[in-house]
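Visitor: Shown below is the structure under consideration.
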């Protein structure tokens, strides 16, 4: 049996949460090749992602335990993580276990050993290690999918090229199986879209709102055809903002064409010039990661703040993060909290999460466990699994509220029902330790009784009489 509960522990800054989620999901859904010597349950990797920013001392001890129970430590590296005290502490703790050669940097922005401090992506605890000690991946060099496969190859001790070829074969099978079903439709719609593109080039004043449904349809597809790209190009050139944004995304991510960072930056810029806040945020992300343009923290801050002031919730959260970390502007925790609050008041999940974190840690506002609990409850009630999980923790550890085992169990279960692996584990822990589940049989017997089951109704009477 494997001596570790997890194949990897993912450490990251809260600003890189989307990357932490994405990498965990990709690793956990990768089917382990048959030649891997160490058998794994259900043929899947086991990954722990730190999702407990609101945890107290008890939870910190739990994180230390999960670090010890993880074979590898994956560090999401960016200028944000380089400035994160918590990421650095997790690296130091892992090194203290004598495991420094089992650290995998996953670089999403910035660069290691940079001459410009604002671009440094390695936390201090990583900077003293030789490059030969750190076998990692950089999405800026090989793209995010190959970077993910490179990490997986280290975790599985499988050749990188073996995984790349295997993934290509899988995608080919998917395309071939879908081709027959969509062929007839493609012949019709492909010709229609191409005809629309021709018309658009002949009449630049044509109102492209009539093509809105076509653009939405393209955005929902898994693959994009040359005719559809031509339609998007023509629509974007004619001034349709939605087409500009979708075309920028295609260029940035290599969707239907080779990745082209400069083209992505161009189209985000064209959309921004027309007042699109999504275009502004897209440009800011390009400046953040150096996509099609030199990385520029000041531009990252300026564009996100501009979008925020126009009411864009993503811009609000990004501008707040810049203020919090002093990225592209002077650090200002009060301004960070204000923008997080604006996004939270708009009921934007990331804004709600970060406002709760501000109240938990006293970032730009006086620490207030009651307010932290209030906003985390809001996030949970929005149906956000991170919110559900953290709210359960708060009920369990009496943070901002009284301990309530029953509520803790119910929120763990809600998060687990949403597919949250850590919550599934905690549901098992609750049942094993009879925490908050004393009335669980009665609850289900009652549901059956309410549905008309006479035997269940009798069991309800017996349990209530005890």
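Visitor: How many residues, within the stretch 289-314, are at pLDDT 95 or above and within 18 Å of the chain's Cα centre (by Cα)?
Guide: 0
Visitor: For the stretch 369-466, list the helices (runs of 4 or more DSSP H) that sit wholly inside it and hold at least 3 residues that are over 23 Å from the mean Cα position of the chain (by Cα); which are they? Break it down into steps so the answer makes sense when it comes.
Guide: Numbers: elements: 369-381, 385-396, 405-417, 421-432, 440-450, 454-465.
In the stretch 369-466, the matching helices (runs of 4 or more DSSP H) lie at 369-381, 405-417, 421-432, 440-450, 454-465.
Visitor: Determine if the stretch 351-365 includes at least one residue that is closer than 16 Å to residue 79 by Cβ and buried (at least 23 other Cβ atoms within 10 Å of the Cβ). Give the derivation first.
Guide: Narrowing the stretch 351-365 to residues closer than 16 Å to residue 79 by Cβ: none.
No, that holds for no residue.
Visitor: A further question follows. In this structure, does residue 417 turn out to be under 30 Å from residue 23 (Cα atoms) and either in contact (Cβ under 8 Å) with a residue 40 or more places away in the chain or assigned by TED's automatic domain parsing to the domain that holds residue 28 (or both)?
Guide: Working: under 30 Å from residue 23 (Cα atoms): yes; either in contact (Cβ under 8 Å) with a residue 40 or more places away in the chain or assigned by TED's automatic domain parsing to the domain that holds residue 28 (or both): no.
No.
Visitor: Name the helices (runs of 4 or more DSSP H) wholly within the stretch 65-130 that hold at least 1 residues that are surrounded by fewer than 17 Cβ atoms within 10 Å (Cβ to Cβ) and touching a helix residue (DSSP H, G or I) at 6+ places or on another chain (Cβ under 9 Å)? Walk me through how you get there before you give the answer.
Guide: Working: elements: 79-82, 85-96, 124-127.
Those helices (runs of 4 or more DSSP H) span 85-96, 124-127.
Visitor: Please give the number of the condition residue 334 fails out of (1) modelled with pLDDT under 95; (2) part of a helix (DSSP H, G or I).
Guide: (1)
Visitor: Among the candidates 275, 328, single out the residue that is assigned to a loop (DSSP other than H, G, I, E, B) and over 27 Å from residue 233 (Cα atoms). Don't jump to the end; show me each part of the working.
Guide: Details: 275 fails: over 27 Å from residue 233 (Cα atoms).
Only one candidate passes the filter, namely 328.
Visitor: Here's another thing I want to ask about it. Consider only pairs whose beta carbons are under 6 Å apart and that are at least six residues apart or on different chains; among these, list those whose first residue lies in the stretch 123-134 and is at pLDDT below 65 and whose second residue is assigned to a helix (DSSP H, G or I).
Guide: So the pair list comes out as 133/101.
Visitor: Being modelled with pLDDT under 90 and surrounded by fewer than 21 Cβ atoms within 10 Å (Cβ to Cβ) narrows it down to one residue among 202, 252; which is it? Step through it out loud before you land on a result.
Guide: On the way: 252 fails: surrounded by fewer than 21 Cβ atoms within 10 Å (Cβ to Cβ).
Going through 202, 252 in turn, the sole match is 202.
The values are calculated or read from the model by the stated rules, or taken from the named source; none is laboratory data. Note that the structure is a prediction, hence the values are computed from the model and not measured. When we count neighbours, we look across all protein chains shown, and the Cβ atoms used for this are built from the backbone with ideal geometry, even at glycine.
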